[in-house]
Every structure is written in C-alpha cells, then in structure tokens.
Amino acid sequence: GYGGGIYVNGNNTKIIGDISAANELICSIQNNTCDGDGGGIYVNGDSVIIKNIKILDNVATVDGAGIFVDNEGCTIKDCVITGNKTGSDSGCEGGGVFIDNDGCTLDGCDIRQNQARDFGGGVYVISTANVTLSGNLVIKENEAAGTADNLHLNSVLTSSVFDVAFLSGFPTSE
C-alpha cells in the first residue's frame with residue numbers, strides 16, 4: 001500500500017495547514033502505518049504543495065516514513081517532520097522524506113529524530129532526482145543504520161542558496 005495518512009494522486013494539489021495565533025502549526029498527520037511507501041504522505045502527482053503541516057511518528061515498512069515523493073515539482077515548505085521510521089528490512093530509506101523524482105524543494109522545514117534502516121535517516125534523494133534546499137532548513141538528530149544519518153544525496157542540488165543546519169556529515173553517495 002501507499003500513503004498511510006494521505007495518498008495524493010493528482011496534479012496541482014495543495015495540503016496546507018493552519019497556523020495558530022501563537023505562530024504554531026496546528027495541523028498534523030500523525031501515527032499512521034503503511035505496508036509500503038509513505039507512512040504519513042505519499043505524493044504521486046505534479047506540482048504538489050505541502051505546507052505548514054506536522055508529520056509525526058508515522059511508519060512505512062519500505063521507504064519514506066514521513067513523506068514519499070514520487071512526482072515532479074513537489075514543494076515541502078515550513079513543515080515539521082519528526083519521529084518517523086522506516087521498516088527494518090534491508091533497502092528501507094528516507095525516514096523523514098524520500099525523494100524519487102525531479103524538481104522537489106525542501107524549504108524551511110525542521111526534519112529531526114527520524115530513522116531509516118539503511119540510508120538517509122532524515123532525507124534520502126535517489127540518484128536521478130534533482131532537489132532544491134532553501135530557507136532555514138534544519139536536518140539533524142536523525143539516524144540511519146547504513147550511512148547518512150541526516151541527508152543521503154545521490155543527486156544534484158539545483159540550488160545551493162540555503163541555510164541548512166546539519167548535526168553530522170553530508171555524504172553525497174553510498
């Protein structure tokens with residue numbers, strides 16, 4: 001299966017949460033389990049925007065426990081992605097976010113304390129994908145049993161204009 005919390009299969013889709021008067025995110029996708037990819041959200045559509053959402057404590061038995069992106073042109077902005085965990089079998093990657101296509105942007109997100117069985121505890125970007133990192137993006141305190149606790153980048157950064165905080169290394173390949 002795909003998308004334990006939300007399965008997006010359409011173009012120009014927006015998932016935008018509200019912000020409280022105290023400037024806190026009040027919409028969450030939490031405690032979902034998926035026997036496949038995308039424990040919290042599975043994205044399969046072009047030009048998808050995910051904004052102001054907490055994606056917490058989701059489980060995917062394969063890849064992308066928080067968010068699995070299998071499209072072109074996805075923007076993930078100002079989200080908190082925490083406590084998500086992939087399955088324990090070999091080949092489970094991207095505890096927080098798994099990106100499997102071109103044109104994805106991570107902007108101003110806080111990605112922490114996610115776990116992956118193999119690579120990319122915080123974020124895993126497949127080799128054919130181009131990704132843009134921007135804003136005050138934080139990727140730290142994540143765990144991966146293989147390599148790249150925080151960010152596993154097998155691709156090209158389409159923009160290097162960003163302020164990313166990393167707790168540990170920045171591997172660019174397996």
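The values are calculated or read from the model by the stated rules, or taken from the named source; none is laboratory data. Keep in mind that what you see is a predicted model, and the values were worked out from it rather than measured. Note that we place each Cβ from the backbone using ideal geometry, even for glycine, and neighbour counts take in every protein chain shown. Protein only, heavy atoms only, side chains kept; ligands, DNA and RNA dropped before computing areas. Shrake-Rupley method; radii C 1.70, N 1.55, O 1.52, S 1.80 Å.
Details
- Prolate/oblate/rounded call for the chain, Cα gyration tensor, a/c under 1.5 rounded: rounded
- Taking amide hydrogens as placed 1.01 Å from N in the peptide plane, the amide H of T33 sits under 5 Å from those of V59, each at least 5 positions away in sequence or on another chain.
- For the range 1-158: lysine pairs under 14 Å (alpha-carbon distance), excluding those fewer than 8 apart on one chain: 4
- Burial order of peptide ranges 143-149, 17-23, 87-93, 77-83 (average beta-carbon count within 10 Å, highest first): 77-83, 143-149, 87-93, 17-23
- Local electrostatic count, D63, Cβ distance below 9 Å [Lys/Arg +1, Asp/Glu -1]: -3
- Carbon + sulfur, % of accessible area of the chain - ligands and nucleic acids excluded, 1.4 Å: 43 percent
- On a per residue basis, the chain carries 42 Å² of accessible surface, using protein heavy atoms and a 1.4 Å probe.
- In this simple spin-label model, placing a label point 7 Å from the Cα along the Cα-to-Cβ direction at both A22 and N130 gives a separation of 4.2 nm.
- Amide hydrogen neighbours beyond the local backbone of V123, cut-off 5 Å, H modeled: G96, V97, L151, H152
- Residues with amide H under 5 Å from that of I55, placed H, sequence gap 5 or more: I29, V80, I81, T82
- Between T33 and D89, the contour length at 0.36 nm per residue exceeds the alpha carbon distance by 18.6 nm.
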